[in-house]
Each structure stands twice: as structure tokens, then as C-alpha cells.
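Only the coordinates and a few stated rules stand behind these numbers; no lab work does. It should be emphasised that the depicted structure is a prediction, and the values quoted were computed from it without experimental measurement. Every residue, glycine among them, receives a Cβ derived from its backbone with ideal geometry; neighbour counts consider all protein chains shown.
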Amino acid sequence: MSLPAEADPEHDFPPAAAPPRVPVPVPDADSPADPVGAATLERMAVAPRYNRWMFERLRPWVGRRVLEIGAGIGNMSAFLMDQAGIDRVVLTDTEPFYLRRLRERFAGRPHVSVAELRLPAVDPRHVAERLDTIVCLNVLEHIDDDRASLSALRTLLRPGGRVVLLVPALRALYGTLDRALGHVRRYVPDELSGKLRTAGFGVIHVEYFNLAGVPGWWLAGRVLRRRLIPTGALRWYDALVPLFRLERFLPWRIGQSLIAIGEVPA
């Protein structure tokens, strides 16, 4: 589909003053290293309509042997568990706190494993999984060297395998919410497609997602300068998801996020 161009391709995000230095928590299995990120994941866990909407938009590109990057507390992972046709699920994260949460939540499922993965490093054991899908949702924007990380994902997939990406879109939306969450950038379609191709993927699909989220993110992060998604606004938003799903009928649109599907040449 044709996507509208966005101005200012020279910058990953608008310049901002450096935040004050704060002590960095030592990661352990009992507390998250990033309290803001953890709080955001907990808030998103009570937005079931939104989470299902996102998963259903991505499901057509998910195969049988799946690795999820940055699975967090399992908000999206839960949708992979009982899907017909999915034989193997590997859930990864970088933090001991999230790894423990994932192991507890999905214990007793023989087709599921949990492992640490820190991009761009890869584990040979993951290569041996013969993965046909890597799901990477709201992770790539946290990584300084996203090009190297995409290249690393390419090595984990067998020929014909796909990487399913969802990333923040629209540089003009970058604000306090992004900084608090550790976002290095927000993407535009040409940039993300180019980085996928440089990493060796063919780009088979790119689209904006979540038009209705644009004004709320702009208001919270650029005007009100919040560091967390407001809980009340999120509840209202989740209740209105059936209406927001109608965006798929628009001939073109922008959105709070970008979905991109890269495929390894067969």
C-alpha cells in the first residue's frame, strides 16, 4: 500500500535536553531495572481489546516455530500459546525480572522455553531451533544499533523465515513518554524498509497501525509531558477498540506504530 512521506528524514527524533542523571537499579529477578517500562507493561496488560487487535493484525505472518524478542511479562506471548499451527515458542528478554515472570506464567507448557537474548549477540542454540518467525514488538526502537540487531535476527531464521516488527512511528510524536521508555527513535516507513533490506531481508509488507493512538500519544508526551500512559485514558481507549479497528477500511492513513514484515530469501 502507498504510505504518506514524512518530513525531516535527517533526524531520528527531535532534539531534546538530556534528562537528569538518576541511579540505575541493578537488575535482579525480584525487581525490574526499568520501573517505568515495567509499569507500562502492567498497564498494557489490562487493555485486552487492544492487545488482541494488535495480535490479529500480525497473525497472518506468524509461522509454526516462533521466537519472541523482548517478551516482557508476556502480554503478546499469551496469544501465541494456544494458537493452532504453532508448534514451538521461544520467549526471550534481557532482564532477569522478566525472565522469571515468563517462566512462572508459562510453566508446564512443553512447547515453550524462556531464554536470555541480548541483541545483537545471538545464541547458537537459537539458530538450532530452525525458526520460521521472529516476533519483535516495541523493541527495536530501544536499541542503539538497530541495523546490527536486524542482521543478527536474519541469522536466526531459516530460508523463507519472517521477522514481524512493530515499532513506534512518526518522529513528531517523540516526547516525554518516549524518553521515559528509553526509545532511541521513532520510525518512518522508508527508514525501516531500508534497514530491513540492508540486513538481508526482502520487505513484503509495511503499514501504519493505530491511527486513533496518535492524538493521545501527542497530548500525553508532547503537551502534558507525562512519563506513563494515563490509566483512565487507556481504559477508555481499550473500550473503543472495536471502533478503531475500522481504520483498515481507510485508503491511506498514518498511525502511532508501524508494522513491517521482512522475509529471508528462500
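If we count every other residue with Cβ under 12 angstrom of residue 151's Cβ, Lys/Arg +1 and Asp/Glu -1, where does the sum land? So the surrounding residues net to +2. Centroid-to-centroid, using Cα positions, segment 153-185 and segment 226-266 are 14 Å apart. Highest GNM mean-square fluctuation among 217, 61, 236, for the chain modelled with Cα contacts below 10 Å: 236. The gain in end-to-end length when the residue 49 to residue 36 segment is fully stretched comes to 2.4 nm, 0.36 nm per residue minus the alpha carbon separation. The Rg/Rh ratio for segment 35-263, using Cα coordinates for both the radius of gyration and the Kirkwood hydrodynamic radius, is 0.94. Suppose we keep just the DSSP beta bridges with both residues in the chain; what percent of those would be antiparallel, to 5? Here the share of antiparallel DSSP bridges comes out near 45 percent.
Stretching the chain fully between residue 219 and residue 172 yields a gain of 15.7 nm (0.36 nm per residue, less the alpha carbon separation).
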